1. Can you name the condition, by its number, that Ser339 falls short on among (1) without any contact (Cβ under 8 Å) to a residue 40 or more places away in the chain; (2) closer than 26 Å to Ala258 by Cα; (3) hydroxyl-bearing (Ser, Thr, Tyr)?
2. Before we move on, is Glu292 free of Cβ contacts under 8 Å to residues at least 60 places away in the same chain, out of contact with any strand residue (DSSP E or B) (no Cβ under 9 Å at 6 or more places or on another chain), away from the ligand (no atom under 14 Å from the Cβ) and within 19 Å of Gly249 (Cα to Cα)?
3. Quick one: Glu161 ticks every box in (1) within 16 Å of the ligand (Cβ to nearest atom); (2) among the acidic types (Asp, Glu); (3) not assigned by TED's automatic domain parsing to the domain that holds Ser376 except a single one, so which number is it?
4. Confirm whether Glu221 is over 23 Å from Pro171 (Cα atoms), of a type in the set (Asp, Glu), outside the structural domain of Glu161 (by TED's automatic domain parsing) and modelled with pLDDT of 95 or more.
5. Quick one: which residue in Glu351, Glu358, Glu346 is buried (at least 16 other Cβ atoms within 10 Å of the Cβ), charged (D, E, K, R), within 16 Å of the ligand (Cβ to nearest atom) and in the same structural domain as Gly309 (by TED's automatic domain parsing)?
6. Suppose we filter segment 235-255 for residues that are more than 8 Å from the ligand (Cβ to nearest atom), in a loop (DSSP other than H, G, I, E, B), touching a residue at least 24 places away in the same chain (Cβ under 8 Å) and more than 20 Å from Ser369 (Cα to Cα); how many remain?
7. Farther than 20 Å from Leu191 by Cα and within 15 Å of the ligand (Cβ to nearest atom): is that true of Val276 in this structure?
Amino acid sequence: MMITNENLTRDRPTFVTHLECGMEGDHYDADVVHGLSKAGRPLLVKYDLESIQKAVTKGELARRPADLWRYREFLPVRKTENIVSLGEIYTPIVELPKLAPGNGQLLVKDEGRLPTGSFKARGLCMAVSMAKEFGIEKVAMPTNGNAGAALAAYGSRAGMESYIFCPDDTPTINVREIAAQGAKVWSVNGLINDCGRIVGEGKDAMGWFDFSTLKEPYRIEGKKTMGLELADQLGWKVPDVIFYPTGGGTGLIGMWKAFNELKAIGWLNGKLPRMVAVQATGCAPIVKAYEEGVEHAELWRDAHTIAAGIRVPIAVGDFLILRAVRESGGFAIAVDDDSISDGLQEVSEKEGLLLCPEGAATYAAYKASLEKGLVSSSDQVVLFNCATGLKYEMPPAEKSLDCTKPIDYEALK
Ligand SMILES: Cc1ncc(COP(=O)(O)O)c(C=O)c1O
């Protein structure tokens, strides 16, 4: 028997009032297609929060199926029929008790359980649903892998044509899953900003809508559900600190937006979490800008790290990331590839949780922050593991046995 998910079938009231330039604050109409603002900066979706407060209660939400569409009143899709879904389930919060010092709590929000194996499903199900609402049929995107995989999946489900450009050292599994899920995909001998240039320069001639990170307004609304869901799962409370692997920064910006919207309607009280932007030492434009006390980051030259998802040399929403980090009393920190690999191994061997390299970067950053006294051992900390570790190359395991000969069991110990 087919189970009907009432989040996907029930029409609910929606509350988008307008969009606003994240930098200049000027207003843009809702319900029309937008890219960046006139100032060339990301647009943020604004809601009638007072009406949301009247329209829905925490108790009502709790009775709905536990998935991303539970939060419809906080999301931009107007018509239920335009929702493009592959089953965006709640992701678990997994505790790492062996690795938490003191009396604090170390938790991992494991986003690898989502469709296409990463949190990019949150952003892309929203952006593709909105594109469907606007009748957009052709989309293009630069990607380090996971976003492209999610666009391929949701785009194909919506019947759209997707054109996707990846740096040529994007993990092979990502490039292949993009192709397997029906998109057109190319490897490019450059970085994600070079791929972005190909999209930007080709979009008029090709009739593409540009789906680059933060160049359309709705991916961030999907990512916002990480914050809504986390607060919901913790009983409408928030942790002391959140460590987030930061590339383009949509997740960090989205969560900060979520917490502020929840605070505005009185669903969260007290201090919001300190937001920590984690980058790799081989590509740390946000960390550099944070340390220099400036509002915008510079292009990072020769970007390199094993954590492909956070290898983003320049981010159009840099000022929004830095604003969230500073407003929250958080910080930005970089970790090197060796500590990312060591962190990955430590968490999987001791706690049985296989992180992706970007997730492992947050664990390495947590350890470094503890040592530096930036966080306390009594804090409740949430690390974001944004993709399944299964998508990445693993260390070799090459021991073999000859089953035609007697087995030396002692030697197996
Ligand atoms: C696994 C993983 N972690 C983190 C990121 C960075 O995400 P954001 O663009 O929200 O900073 C990405 C982006 O590709 C990713 O794939």
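1. All conditions are met except number (2).
2. Judged against the criteria, Glu292 is a match.
3. (1)
4. Details: over 23 Å from Pro171 (Cα atoms): yes; of a type in the set (Asp, Glu): yes; outside the structural domain of Glu161 (by TED's automatic domain parsing): yes; modelled with pLDDT of 95 or more: yes.
Taking the combined requirement at face value, the residue satisfies it.
5. On the way: Glu351 fails: within 16 Å of the ligand (Cβ to nearest atom); Glu346 fails: within 16 Å of the ligand (Cβ to nearest atom).
When all the criteria are applied, what remains is Glu358.
6. Final tally of qualifying residues: 2.
7. Details: farther than 20 Å from Leu191 by Cα: yes; within 15 Å of the ligand (Cβ to nearest atom): yes.
Yes, satisfied.
Residues are listed down the side, and each one gets a yes or a no for (1) modelled with pLDDT of 95 or more; (2) touching a Cys at 6+ places or on another chain (Cβ under 8 Å); (3) surrounded by fewer than 24 Cβ atoms within 10 Å (Cβ to Cβ); (4) assigned to a helix (DSSP H, G or I):
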{"site": "Met126", "(1), (2), (3), (4)": "yes, no, no, yes"}
{"site": "Ile136", "(1), (2), (3), (4)": "yes, no, yes, no"}
{"site": "Leu151", "(1), (2), (3), (4)": "yes, no, no, yes"}
{"site": "Ser156", "(1), (2), (3), (4)": "yes, no, yes, yes"}
{"site": "Ser162", "(1), (2), (3), (4)": "yes, no, no, no"}
{"site": "Phe165", "(1), (2), (3), (4)": "yes, yes, no, no"}
{"site": "Thr170", "(1), (2), (3), (4)": "no, no, no, no"}
{"site": "Trp186", "(1), (2), (3), (4)": "yes, yes, yes, no"}
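The values are calculated or read from the model by the stated rules, or taken from the named source; none is laboratory data. Quick caveat: nothing in here was measured; it's all calculated off a predicted structure. Glycine also receives a Cβ, built like all others from the backbone with ideal geometry; neighbour counts cover every protein chain displayed.
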